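See below for the structure under consideration.
Read-outs throughout are calculated quantities, based only on the coordinates presented, and are distinct from any laboratory measurement. Predicted, not measured: the structure shown is a model, and the values here were computed from it. Here the Cβ is made from the backbone with ideal geometry for all residues, glycine too, and neighbour counts use every protein chain on show.
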Amino acid sequence: MRLAIIRQRYTPFGGAERIIENALAALREDLSLEVTIIAREWLAQKYAFRVLICNPFHIGRFWRLWTFSRAACRAALHGKFDLVQSHERLCCCDIFRAGDGVHREWLLQRCRILPFWRRWTLRFSPFHQLILFRERQMFTSQRLQVVIANSEGVKTDILRHYPNIKARIEVIYNGVDLERFHPGLRDEFRLKMRQDCGVAIDATVLLFVGSGFERKGLATAMRALVGLPKSVILVIVGRDRQQWRYLKLAESLGIKNRVRFEGPQSDVRPYYGMSDLLILPSLYDPFPNVVLEAMASGLPIIASKTCGYSDFFPDETLDALDINAWTSALILTIESNNLVAMGKRSRDTAKQLSISKMATAMQSIYLAQISRH
């Protein structure tokens, strides 16, 4: 089977890329699968896939998206693949993995935090109009056969915004490596990491993991921290080009000494081990890898309603912008002495989301599509 997977850019810190690697590594054991990655930029390669770079000259993000889309579809056509699976919004694919959710829904959520003039410019942005055009074109394409949603929430968003979609939608949750991420990380890393980060052993550590701080809701996490006891520390793993804004916000809120910016990490496991609770007040986050990894590591989680975590624990999700609700929920959770039980429940749920289960579901889709040709 000759499979092409289109993903514009690979980064070793990206959740989508780790999902590609993990799932395909598992699939290669069961299928005679020849995989070609079609990408504009592929910075690292863990497995022996063929990589086809399509990076035409461009200036600006609009032109970059336009030229890559055309080049990737040409490469997919000339490669004569049995199946083309895209992680980008392209009408030249048989399978689309909606790992980034629905762009139209993301714009609606983002408008909630923007002033009127920015909402207006966002609405008429040529770049976002191009993405919306390609999204609509893809979902109504005759070629598209299957859409893989990574949560029920994403499936609901697709059907609400594109009710005339012709492809069938399958919910396949991301898989997590249950041996790499496990509750034993606490014993392995808690003491050393707290010493290295200058965090007291008896402090309560809230962990925030994610790049793109606006979308991930870091401002909400920081504002909620103000109302928590001073023994509660916020550790932030990730990057943002405007990190300086959040440093200024921490200073203005009087929590500068209670916030640790650790930058992006290729291995987040030590931070899971040192922490007591993962918080993710994302504006829109279909099903981030960090949630699965934290669950498998036995961490309690509080996330936003627009995060895929709500598929499993809807009662532990909140509106991304309700600061008072976040503060109250965190105080109640910390003071309940229920963190251990919540962590165990996280781990038990993660056991149902193994990489092999995800690979089996994807294999079923591939084989069904091959039989149609």
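One chain, two ends: Trp117 and Val340. Fully extended at 0.36 nm per residue, the span grows by 75.7 nm beyond their Cα-Cα distance. With just the Cα atoms defining each centre, how far is the range 73-91 from the range 243-259? Give it in Å. Computed from Cα coordinates, the inter-centre distance equals 45 Å.
The number of Lys pairs in the chain with C-alpha atoms less than 24 Å apart, excluding pairs fewer than 8 positions apart on the same chain, is 20.
Quick one: Cα convex hull volume of the range 254-373, Å³ per residue? Can you show the working numbers first?
Working: hull volume 17.8 nm³, N = 120.
Expressed per residue, the convex hull around the Cα atoms of the range 254-373 is 148 Å³.
Show me 280-288, 263-271, 212-220, 100-108 ranked by packing, highest mean number of other Cβ atoms within 10 Å first.
280-288, 212-220, 100-108, 263-271
On the basis of the beta-carbon distance and an R0 of 51 Å, Ser32 and Lys192 show a calculated FRET efficiency of 0.70.
By the Cβ rule of 4.7 Å, the chain holds the following cysteines without a possible disulfide partner: Cys54, Cys91, Cys93, Cys111, Cys197, Cys307. Name the residue farthest towards the positive end of the dipole of the range 185-350 from the options Leu249, Ile201, Val226, assuming +1 on Cβ of Lys and Arg, -1 on Cβ of Asp and Glu, about the Cα centre. Result: Leu249, furthest along the dipole toward the positive end.
Given the choices (i) 55, 26, 19; (ii) 43, 23, 18; (iii) 35, 24, 19, semi-axes √(5λ) of the Cα gyration tensor in Å derived from the coordinates of this structure is entry (iii).
Once you keep just the Cα pairs under 8 angstrom separated by 6 or more residues, what percentage relative contact order results for the range 285-343?
Working: 52 pairs, mean separation 18.1, N = 59.
Dividing the mean separation by the residue count of the range 285-343 yields 31 percent.
Of the peptides 320-328, 163-171, the ranking by mean beta-carbon count within 10 Å, highest at the top, reads 320-328, 163-171.
Across the range 123-144, the residues whose backbone nitrogen lies under 12 Å from the label position 7 Å along the beta-carbon direction of Arg372 are 141-144.
By average Cβ neighbour count within 10 Å, what is the ranking of 295-307, 122-134, 175-187 from highest down?
Working: 295-307: 24.8, 122-134: 14.5, 175-187: 17.2.
Ranking, from highest mean packing down: 295-307, 175-187, 122-134.
Hey, in the GNM for the chain with a 10 angstrom Cα cutoff, which one of Glu335, Glu293, Glu41 fluctuates hardest? For the chain, modelled as a Gaussian network with Cα springs under 10 Å, the answer is Glu335.
Under the simplified labelling scheme, the Arg70-Leu247 pair shows an inter-label distance of 4.1 nm, with each label point 7 Å from Cα along Cα→Cβ. Which net charge results for the neighbourhood of Gln145, defined as the other residues with beta-carbon distances under 10 angstrom from its beta-carbon, given Lys and Arg at +1 and Asp and Glu at -1? Local net charge: +3. Return the Rg/Rh value of the range 185-350, two decimal places, where both radii are evaluated on C-alpha atoms and Rh is the Kirkwood radius. Using Cα coordinates only, the ratio equals 0.92. When the helices of the chain are scored as -39500 (n - 2.57) per DSSP H run of n ≥ 4 and the total is divided over every residue, the value at 222 nm lands at -13500 deg cm²/dmol.
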